[in-house]
Amino acid sequence: MSKNLSIVLDDHDFLSELLGANDKNLKHLEKIIGIPIFSRGNELFLDSDDAKLQKDFQEMISRLHDEVKNGRIINQDLLRALYLSIHQGESYKADLIQKNEVNVPRSFRKIQARSYNQALYLEAIQDKEMIFGIGPAGTGKTFLAVATALREVLSHQKKKIILTRPVVEADESLGFLPGDLEQKIQPYLRPIYDALEKILSLDMISKLEESGMLEIAPLAYMRGRTLSDCFVILDEAQNTTRKQMMMFLTRIEKGTRAVITGDITQIDLPKRRDSGLLEAMELLPDIEEISFVYFNEEDVIRSPLVKKIVKAYRIKEDER
């Protein structure tokens with residue numbers, strides 16, 4: 001007759017990381033599995049005699065121990081992604097999640113994949129010349145691309161980062177915003193700075209800009225440029241016109257890696273069909289050097305509430 005599972009953990013540092021502050025990680029894992037988990041001293045108890053659940057739980061604890069040994073941080077997104085991969089018999093997904101991280105020189109944080117699609121995205125950025133990351137807000141598309149770009153430049157694999165966005169008026173006209181043209185454009189570029197500031201200090205970002213190793217500019221400024229030996233990120237690509245997208249894609253030269261991110265549910269162009277991203281999705285998937293990675297609400301890492309909001313809008317969009 002099967003018994004409830006007991007696991008003794010001799011590594012007290014790991015036990016502390018696993019439990020989290022006020023046992024929040026353990027409570028979240030309990031919620032994911034749907035079975036009570038108890039801790040007493042250095043022992044964990046799974047309140048189930050189901051052999052499959054016990055096996056999955058043991059593998060989960062072993063993988064988390066490896067994560068902590070490698071200096072990674074246990075969080076709720078990682079717990080969910082790893083356990084679901086294991087429980088669904090797709091351990092290869094857990095392998096890929098654990099394998100993919102971005103070590104940015106001089107950064108103050110560890111950056112790692114928190115979902116299978118994020119891991120696929122990081123692999124694609126490593127292997128392909130051009131990568132399209134498409135999906136809803138909060139899935140880490142821009143953040144992971146910026147982190148990888150910083151790693152490549154700070155480790156001298158690329159000479160420069162170029163971060164660009166189309167300037168599209170959604171609800172307010174630029175003409176009604178205060179300030180000169182540069183001040184009016186700045187809010188459109190602010191999300192890119194937000195991603196940078198999550199990884200590097202303000203002082204380091206300023207030094208990169210002053211040295212010419214980092215350039216942040218509206219997409220219109222890319223016309224006529226030749227982009228060689230750079231890491232280029234086109235953000236909010238759903239708001240490029242078809243001509244703008246072709247202009248950008250044909251700027252790329254040998255030695256440059258380009259990442260294009262966008263959310264096709266948030267097209268602000270007057271006519272949705274004019275989106276350069278939609279056209280690229282139709283025309284380019286069969287080119288070997290290009291990879292398309294699609295994110296969904298399961299990849300949202302901002303908060304459980306945002307996951308629910310994205311899912312609600314996706315359901316409504318599917319109905320339409």
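The values are calculated or read from the model by the stated rules, or taken from the named source; none is laboratory data. Everything quoted here is computed from the prediction, not taken from an experiment. A quick note on method: Cβ atoms are made from the backbone with ideal geometry, for glycine too, and the neighbour counts reach across all protein chains shown. With ligands, DNA and RNA removed, areas are computed over all heavy atoms of the protein, side chains included. Shrake-Rupley method; radii C 1.70, N 1.55, O 1.52, S 1.80 Å.
Scanning segment 49-92 for residues that are of a type in the set (Gly, Ala, Ser) and modelled with pLDDT of 90 or more returns Ala51, Ser62, Ala81, Ser85, Gly89, Ser91. The set of residues in segment 221-239 being touching an Asp or Glu at 6+ places or on another chain (Cβ under 9 Å) and either of a type in the set (S, T, N, Q) or assigned to a loop (DSSP other than H, G, I, E, B) (or both) consists of Thr226, Ser228, Asp229, Glu236, Gln238, Asn239.
On the basis of being at pLDDT 95 or above and under 23 Å from Ser211 (Cα atoms), does Leu163 make the cut?
No; evaluated as a whole, the condition is false for this residue.
Answer yes or no: is there a residue in segment 69-91 that is of a type in the set (Val, Ile, Thr) and closer than 17 Å to Leu19 by Cα. Within segment 69-91, one or more residues are of a type in the set (Val, Ile, Thr) and closer than 17 Å to Leu19 by Cα.
Exactly one residue among Leu64, Leu82 is crowded, with 17+ Cβ neighbours inside 10 Å, without any contact (Cβ under 8 Å) to a residue 24 or more places away in the chain and under 21 Å from the mean Cα position of the chain (by Cα), and that residue is Leu82. On the stretch given as segment 22-64, residues that are out of contact with any Leu (no Cβ under 8 Å at 6 or more places or on another chain) and either small (Gly, Ala, Ser) or closer than 16 Å to Gln112 by Cβ (or both) total 4. Here Asp23, Asp10, Asp49 are screened, and the one residue that is closer than 20 Å to Arg72 by Cα and loosely packed, with under 13 Cβ neighbours inside 10 Å is Asp10. Restricted to segment 242-320, the set of helices (runs of 4 or more DSSP H) holding at least 3 residues that are free of Cβ contacts under 8 Å to residues at least 60 places away in the same chain, loosely packed, with under 15 Cβ neighbours inside 10 Å and of a type outside the set (A, V, I, L, M, F, W, C) comprises 304-319. Could you please let me know if Gln238 is open to solvent by 50 Å² or more (accessible area, probe 1.4 Å) and under 29 Å from Leu78 (Cβ atoms)? For Gln238, the condition - open to solvent by 50 Å² or more (accessible area, probe 1.4 Å) and under 29 Å from Leu78 (Cβ atoms) - is not met.
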